Amino acid sequence: MSDKDRKPGYGDGKEALLRATVEVVAKKGLRGMTFRAVAEAAGVNNTLIAHHFGNRDKLLAAALEWSTTGSIAAADLSEYVHDSHAFRQALLKNVATQPELEIFQYEMILEATRREEIRPAVHELYRRYLAALLPGLSPNGIAPNKALGRALFAALDGLMLQYFSRAITAEELSESLEALEAALAS
């Protein structure tokens, strides 16, 4: 029996629901995310969603926080400038092995343009990414300021969006990251 086919053990339900929410939204979009679809993907009863999260928006906010934590941990953004090769490799591996994390985040970012109640969770997503990125700038003599950090992260964000929309290949993503690094070094 694969991990995906096994039922979560006692205490694992919340984590299974967060993971399932990310997977369902990445595959079906926010319109396809129902309590039933999430519960089925998690292998639990859908009453567990209300128990842990109360409502859809709280589930989505928790899943956004969970996916952001996973993305930051998988590709340590603070290492970007002083070990850019390691960052590129971690980022490429991350997007190849867990694309649903970033796809879910983009779904939420787009939804925030339509729903004000989601905006605080999206603002927190960007705040956390920026906080993870800024410490990596100073070891290489770059003053770690928020404006530069936002611009750098916007470039990374745009490249990822292009990659996930199949506008660029993994090789082009890697080349673009290398070009961004060279521009920062000059």
What pairs can you find where one residue is in the stretch 104-131 and under 19 Å from Met160 (Cα atoms), the other is in a helix (DSSP H, G or I) and basic (Lys, Arg), and their Cβ atoms are less than 6 Å apart, with a gap of 6+ or different chains?
-> Ala112/Arg119
Among the residues of the stretch 5-26, write down those that are at pLDDT 95 or above and acidic (Asp, Glu).
-> Glu23
Please enumerate the residues belonging to the stretch 83-112 that are touching a Ser or Thr at 6+ places or on another chain (Cβ under 7 Å) and at pLDDT 85 or above.
-> Leu101, Glu102, Phe104, Gln105
From the residues in the stretch 83-118 that are open to solvent by 30 Å² or more (accessible area, probe 1.4 Å) and of a type in the set (Val, Ile, Thr), which one is farthest from Leu156 (Cα to Cα)?
-> Thr113
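Considering only the stretch 27-40, I want to know if a residue exists there that is more than 21 Å from Ala121 (Cβ to Cβ), small (Gly, Ala, Ser) and modelled with pLDDT of 90 or more. Quick ask: steps written out before the conclusion?
Applying the first criterion (more than 21 Å from Ala121 (Cβ to Cβ)) to the stretch 27-40 yields 36, 39-40.
Adding the requirement that they be small (Gly, Ala, Ser) leaves 39.
So of that shortlist, the ones also modelled with pLDDT of 90 or more come out as 39.
Looking for residues that are more than 21 Å from Ala121 (Cβ to Cβ), small (Gly, Ala, Ser) and modelled with pLDDT of 90 or more, one finds at least one in the stretch 27-40, hence yes.
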Determine if the stretch 63-82 includes at least one residue that is at pLDDT 90 or above and over 12 Å from the mean Cα position of the chain (by Cα).
-> no
If Ser2 satisfies every condition in (1) among the small types (Gly, Ala, Ser); (2) modelled with pLDDT under 95; (3) in contact with a helix residue (DSSP H, G or I) (Cβ under 8 Å, 6 or more places away or on another chain) but one, which is the exception?
-> (3)
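Per-residue answers, yes or no, for (1) modelled with pLDDT under 90; (2) open to solvent by 60 Å² or more (accessible area, probe 1.4 Å); (3) among the hydrophobic types (A, V, I, L, M, F, W, C):
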| site | (1), (2), (3) |
| --- | --- |
| Pro120 | no, yes, no |
| Leu134 | yes, no, yes |
| Leu148 | yes, no, yes |
| Gly158 | no, no, no |
| Ala167 | no, yes, yes |
| Leu184 | yes, no, yes |
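The values are calculated or read from the model by the stated rules, or taken from the named source; none is laboratory data. Since we're looking at a predicted model, the values are computed, not measured. No Cβ is skipped: glycine too gets one built from the backbone with ideal geometry, and neighbour counts run over all protein chains shown. With ligands, DNA and RNA removed, areas are computed over all heavy atoms of the protein, side chains included. Shrake-Rupley method; radii C 1.70, N 1.55, O 1.52, S 1.80 Å.
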